[in-house]
Amino acid sequence: LKGTLEPTVIESKPKLNRKQKESMKSQASAALFKLKKQIGKATSKRERKKIQAEINRQSKIAQGKFSKKAVKNFLDSI
């Protein structure tokens with residue numbers, strides 16, 4: 001079996017420096033403020049569920065728990 005498959009290419013994790021982490025946290029906090037305003041104005045249960053899911057995502061980021069997807073989106077937006 002040796003030599004039948006090509007070696008796996010290991011991708012490096014996207015890394016954030018301290019300033020990027022702080023800016024990501026502050027953006028998440030600002031987004032949380034807007035979302036919490038919106039949830040009160042939401043009329044249907046479907047809208048409230050979508051907004052609540054986004055609130056959960058943003059609150060994790062505001063706490064400093066970054067997912068790979070959130071980091072990648074942040075770095076792509078810069």
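The values are calculated or read from the model by the stated rules, or taken from the named source; none is laboratory data. Predicted, not measured: the structure shown is a model, and the values here were computed from it. As a convention, Cβ positions derive from the backbone with ideal geometry for all residues, glycine included, and neighbour counts pool all protein chains shown. Keep in mind that these areas ignore ligands, DNA and RNA; they rest on the heavy atoms of the full protein, side chains included. Shrake-Rupley method; radii C 1.70, N 1.55, O 1.52, S 1.80 Å.
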Problem - Qualifying positions in the range 43-68 - more than 10 Å from A31 (Cβ to Cβ), hydrophobic (A, V, I, L, M, F, W, C) and outside any loop (DSSP other than H, G, I, E, B) - result: I51, A53
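Could you please give the count of residues in the range 43-78 that are of a type outside the set (G, A, S), under 19 Å from K19 (Cβ atoms) and open to solvent by less than 60 Å² (accessible area, probe 1.4 Å)? Let's see the steps before the verdict.
Keep residues of the range 43-78 that are of a type outside the set (G, A, S), which gives 43, 45-52, 54-58, 60-61, 63, 65-66, 68-69, 71-76, 78.
Next, from what is left, pick out any that are under 19 Å from K19 (Cβ atoms): 61, 63, 65-66, 71-76, 78.
Filter once more, keeping what is open to solvent by less than 60 Å² (accessible area, probe 1.4 Å): 61, 66, 71, 74-75.
Total satisfying the criteria: 5.
If a residue must be of a type in the set (S, T, Y) and touching a residue at least 60 places away in the same chain (Cβ under 8 Å), how many such residues does the range 23-78 contain? Please lay out each step first, then the result.
Taking the range 23-78 as the starting set, the residues that turn out to be of a type in the set (S, T, Y) are 23, 26, 29, 43-44, 59, 67, 77.
Then keep just the ones that are touching a residue at least 60 places away in the same chain (Cβ under 8 Å); that gives none.
Within the range 23-78, residues that are of a type in the set (S, T, Y) and touching a residue at least 60 places away in the same chain (Cβ under 8 Å) number 0.
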Problem - Enumeration of residues in the range 5-42 that are open to solvent by 100 Å² or more (accessible area, probe 1.4 Å) and either of a type in the set (S, T, Y) or outside any helix (DSSP H, G or I) (or both) - result: L5, E6, P7, T8, V9, I10, E11, S12, K13, K15
